[in-house]
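To start, the structure itself, in structure tokens.
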Amino acid sequence: MAGKTLSEKVWDRHLVHSGDDGDLLYIDLHLVHEVTSPQAFDGLRLAGRTVRRPDLTLATMDHNVPTSNIDQPVADPISKKQMDTLAANCAEFGITCHAMGDPGQGIVHIIGPEQGLTQPGMTVVCGDSHTSTHGAFGAIAFGIGTSEVEHVLATQTLPQSRPKTMAVTVEGDLQPGVTAKDVVLAILGRIGTGGGIGHMIEYRGSAIRSLSMEGRMTVCNMSIEMGAKAGLIAPDETTFEYLEGRPHAPEGADWDAAVADWKTLVTDDDATFDKEVVIDAAEITPHVSWGTNPGQVVPITGEVPHPDAMVDATERNAAERALDYMGLAAGTPMKQVPVDTVFIGSCTNGRIEDLRAVAEVAEGRKVSINRAMIVPGSFKVKDQAVAEGLDKIFVEAGFDWREPGCSMCLAMNPDKLAPGERCASTSNRNFEGRQGRGGRTHLVSPAVAAATAIAGHFATPADLEN
Amino acid sequence: MRAVRTIEGTAVPLDRSDVDTDQIIPSDWLKQVERTGFEKGLFSEWRDDPGFVLNLEQFQGANVLIGGPNFGTGSSREHAVWAIQQYGFEAVISPRFGDIFRNNCTKNGLVPVQVDAETGERLMRMVEDDPTTVFEIDIASRTLRAGDIETTFPLDDSTQHRFLEGLDDIGLTLKLGDEISDFEGRRPAHLPTAS
Ligand code: SF4
């Protein structure tokens, strides 16, 4: 019998029931936030149902929370109502909830891993597409809609049909200055926004193994931008080291048992994938997006592409529309494009390692644009940054150092772009209007975002040296 | 969920690829805690434009939405499905759907009709030429008919069954309560709890 891939192994471990009507998967961890849950709790109440496993459910507030003056009441009454609704629902159904200002609060995909709740071999779901982040630990983690949130609350399971498997192998050494974000943007540039649809992607190869857990989370985070069901990386020593000693990690004999088990979570040598892509790590350079979908990327040394040169009509039309929306002329070198705002944060790049990368660039330099925000992904990230003195470097350089939350990643709180405003952002989506109506988003790494804030146009840290 | 067996009506051609869920319903609309009222938010960033296809006289009253490839990619917001449905659409046609969006459709009885790229293109041109073209979608035979096109579309057996019978997914799973309890009894001790 042929061997199994990592994702198949994890999937099979969670089969409660398997029949002609598909698989029923057990869910080990259900994360909940204020935006996609109110209608699910309402559904439970209407049907007279309860939450089956409140102990496997954790809630936090992130999308709506303001990132300044959080000791004051939330000014937007609709945001406030949504946050209050989450708190009330959690109290009613016995779910732990990290409300605004609570030391455990933060972006849902940042707090799971940092508390040691996300572990190898688990199934993790959340009413949020970037749940794929947790796959960095070798877990099957995917986003679900509100009806499915209700389903998991009521049954701790989900009916699913088995996705196909895909391998994205990045082999070789990354060049100095190339980060995890550049790796994932380069993968997106290669396979596009539809390249992963219907598949669970396993990221493999020496370049992936060389990444820290933070970097692996950045890569897995953007699996959904490729349309993938989930993105996974096999757990290894880097994973175990990250987890050991975290609040919810196993201890003592449990730890040993867990590690022994986790070590079996690798793709067997004789397993096959439905689809495979191989990328040479040495060819990856810092990337920036130019359009309105995350597959529209170029190396930062490149220029705005010419739609005329695109053979595929759909691609060409999309590129024309994107350039119009983005206010960019074909052929413009990316490094000459001036930027109004920089946003550093989000579940893609709001972790401590990201902030360290920014501080390294910012130290001793000055921001030259009007607005350069740094929003830590959680209170834990914020506290760690303060403990390391990074906040002082940021403020000194002219960055706006803020409170944790999703913030300008999706502009549900007061942090928004104005129409026509151009932003270099470390988030994951450059969709039209994503950061505010008419706003223009360019996806970049934290290092490029920091250098851009200083230069005033797209730049890498190396450009600042010259 | 209400049973859905056949759909008959006319269509709107939304000739764009990569229509993501942020476009279908922008995030401002996600602050509601209710499940209704989202029709006003549908494509709201585009609706101000009188030339936007949804605003055109000849497409009023249509109940089928034809989109380009990669329709519904992006965020998991089920609000996108609610908005499309509450506006009056009963089916969406595309060569390729975002996975979560597609799942959300099937939970709400909005029929995701996946066709090959060429058929998608032909359907788009057909309604552009003749907006009165009648579309017929039949769940039992998984068939779409429009003008001279007849094609089948994928719908797994259990989803088809739920559509035809109007079944509640959660109710079905709760019938497997004993199997869920057995599974829970076998879970390793080292797995974490959130409390
Ligand atoms: S940071 Fe952005 S992408 Fe991540 S969960 Fe928040 S809104 Fe979604």
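Among (1) crowded, with 24+ Cβ neighbours inside 10 Å; (2) charged (D, E, K, R); (3) not in a loop (DSSP other than H, G, I, E, B), which single condition is residue A:429 missing? Residue A:429 satisfies every listed condition except (3).
Listed conditions (1) within 13 Å of the ligand (Cβ to nearest atom); (2) farther than 23 Å from residue A:244 by Cα; (3) at the interface with another protein chain (Cβ under 10 Å from one of its Cβ atoms) are all met by residue A:95, apart from (1).
Tell me which residues, restricted to region A:418-448, are more than 12 Å from the ligand (Cβ to nearest atom) and of a type in the set (A, V, I, L, M). Correct list: A:418, A:424, A:444, A:447, A:448.
Return the residue satisfying two criteria in turn: it lies in region B:56-84 and is part of a helix (DSSP H, G or I) and in contact with a Gly (Cβ under 8 Å, 6 or more places away or on another chain), and of such residues it is farthest from residue A:143 (Cα to Cα). Let's see the steps before the verdict.
Taking region B:56-84 as the starting set, the residues that turn out to be part of a helix (DSSP H, G or I) are B:57-59, B:79-84.
Then keep just the ones that are in contact with a Gly (Cβ under 8 Å, 6 or more places away or on another chain); that gives B:79-81, B:83.
Values: B:79: 14, B:80: 15, B:81: 15, B:83: 19 Å.
Here the answer is B:83.
Considering only region A:1-107, give the strands (runs of 3 or more DSSP E) lying wholly within it that have at least 1 residues that are in contact with a Gly (Cβ under 9 Å, 6 or more places away or on another chain).
Result: A:29-33, A:57-60, A:96-98.
If the condition is being closer than 22 Å to residue A:430 by Cβ and away from the ligand (no atom under 16 Å from the Cβ), then region A:346-360 contributes A:357, A:358. Among the residues making up region A:144-176, those that are within 14 Å of another protein chain (Cβ to nearest Cβ) and in a strand (DSSP E or B) are A:157, A:158, A:159, A:160, A:164, A:166.
Here's a check for you: in region B:21-41, which residue that is of a type outside the set (S, T, N, Q) and closer than 29 Å to residue B:140 by Cα is surrounded by the fewest Cβ atoms within 10 Å (Cβ to Cβ)? Filtering first and then ranking leaves B:39. The set of residues from region A:31-66 being of a type in the set (Ser, Thr, Tyr) and either at the interface with another protein chain (Cβ under 7 Å from one of its Cβ atoms) or within 14 Å of residue A:127 (Cβ to Cβ) (or both) comprises A:36, A:37, A:57, A:60.
Restricting to region A:387-416, name every residue that is assigned to a helix (DSSP H, G or I) and more than 13 Å from the ligand (Cβ to nearest atom).
Correct list: A:387, A:390, A:391, A:392, A:393, A:394, A:395, A:396, A:397.
Checking each residue in region B:138-167 for being part of a loop (DSSP other than H, G, I, E, B) and more than 8 Å from every other protein chain (Cβ to nearest Cβ) picks out B:139, B:140, B:141, B:142, B:147, B:148, B:153, B:154, B:155, B:166, B:167. Of the residues making up region A:358-384, those that are aliphatic (A, V, I, L, M), surrounded by fewer than 24 Cβ atoms within 10 Å (Cβ to Cβ) and within 30 Å of residue A:98 (Cα to Cα) number 2.
Within region A:100-117, residues that are within 11 Å of residue A:351 (Cα to Cα) and within 11 Å of the ligand (Cβ to nearest atom) have Cβ atoms under 8 Å from residues that are of a type in the set (Asp, Glu) and at pLDDT 95 or above in these pairs: A:106/A:114; A:109/A:128, counting only partners at least 6 apart in sequence or on another chain. Taking every residue in region A:60-83 that is on the phi > 0 side of the Ramachandran plot and pairing it with any residue that is among the hydrophobic types (A, V, I, L, M, F, W, C), at least 6 positions away or on another chain, yields no pair with a Cβ-Cβ distance below 7 Å. Within 14 Å of chain B (Cβ to nearest Cβ) and over 30 Å from residue A:246 (Cα atoms): is that true of residue A:364 in this structure? Criteria not met by residue A:364.
Residues of region A:122-143 that are more than 15 Å from the ligand (Cβ to nearest atom) and either within 9 Å of another protein chain (Cβ to nearest Cβ) or free of Cβ contacts under 8 Å to residues at least 60 places away in the same chain (or both): A:122 alone. Within region A:432-450, residues that are within 21 Å of residue A:186 (Cα to Cα) reach partners that are of a type in the set (A, V, I, L, M, F, W, C) and part of a helix (DSSP H, G or I) with beta carbons closer than 6 Å, at six or more positions or on different chains, in the pairs A:440/A:326; A:446/A:357; A:446/A:358; A:447/A:357; A:447/A:361; A:450/A:358; A:450/A:361; A:450/A:362.
All of (1) assigned to a strand (DSSP E or B); (2) more than 19 Å from residue B:2 (Cβ to Cβ) hold for residue B:112 with one exception: (2). One residue stands out among those in region A:219-247 that are touching a residue at least 60 places away in the same chain (Cβ under 8 Å) and among the polar types (S, T, N, Q): the one that is nearest to the other protein chains (Cβ to nearest Cβ), which is A:223. Listed conditions (1) touching a residue at least 60 places away in the same chain (Cβ under 8 Å); (2) crowded, with 24+ Cβ neighbours inside 10 Å are all met by residue A:184, apart from (1).
Screening residue B:117 against (1) crowded, with 22+ Cβ neighbours inside 10 Å; (2) within 27 Å of residue A:195 (Cβ to Cβ) leaves a single unmet condition, (1). Of everything in region A:187-213, what is touching a residue at least 40 places away in the same chain (Cβ under 8 Å), surrounded by 24 or more Cβ atoms within 10 Å (Cβ to Cβ) and not in a helix (DSSP H, G or I)? Give them in sequence order. A:193, A:199, A:200, A:202, listed by residue number.
With respect to residue A:257, determine if the residue is over 27 Å from the mean Cα position of the chain (by Cα), hydrophobic (A, V, I, L, M, F, W, C) and away from chain B (no Cβ under 14 Å). Write out each step before concluding.
Details: over 27 Å from the mean Cα position of the chain (by Cα): yes; hydrophobic (A, V, I, L, M, F, W, C): yes; away from chain B (no Cβ under 14 Å): no.
For residue A:257, the condition - over 27 Å from the mean Cα position of the chain (by Cα), hydrophobic (A, V, I, L, M, F, W, C) and away from chain B (no Cβ under 14 Å) - is not met.
Does region B:91-111 hold any residues that are more than 9 Å from chain A (Cβ to nearest Cβ) and out of contact with any Pro (no Cβ under 9 Å at 6 or more places or on another chain), and which are they? Passing the criteria: B:109, B:110, B:111. If the condition is being touching a strand residue (DSSP E or B) at 6+ places or on another chain (Cβ under 6 Å) and either within 16 Å of the ligand (Cβ to nearest atom) or under 25 Å from residue A:133 (Cβ atoms) (or both), then region A:324-345 contributes A:341, A:342, A:343, A:344.
Just one of (1) within 12 Å of chain A (Cβ to nearest Cβ); (2) out of contact with any Leu (no Cβ under 8 Å at 6 or more places or on another chain); (3) surrounded by fewer than 18 Cβ atoms within 10 Å (Cβ to Cβ); (4) outside any helix (DSSP H, G or I) fails for residue B:193. It is (2).
Can you tell which of A:395, A:367, A:311, A:361 is under 25 Å from the mean Cα position of the chain (by Cα) and β-branched (Val, Ile, Thr)?
Numbers: A:395 fails: under 25 Å from the mean Cα position of the chain (by Cα); A:367 fails: under 25 Å from the mean Cα position of the chain (by Cα); A:311 fails: under 25 Å from the mean Cα position of the chain (by Cα).
Only one candidate qualifies: A:361.
The values are calculated or read from the model by the stated rules, or taken from the named source; none is laboratory data. What you are looking at is a predicted structure, and each value in this text was computed from that prediction instead of being measured. A quick note on method: Cβ atoms are made from the backbone with ideal geometry, for glycine too, and the neighbour counts reach across all protein chains shown.
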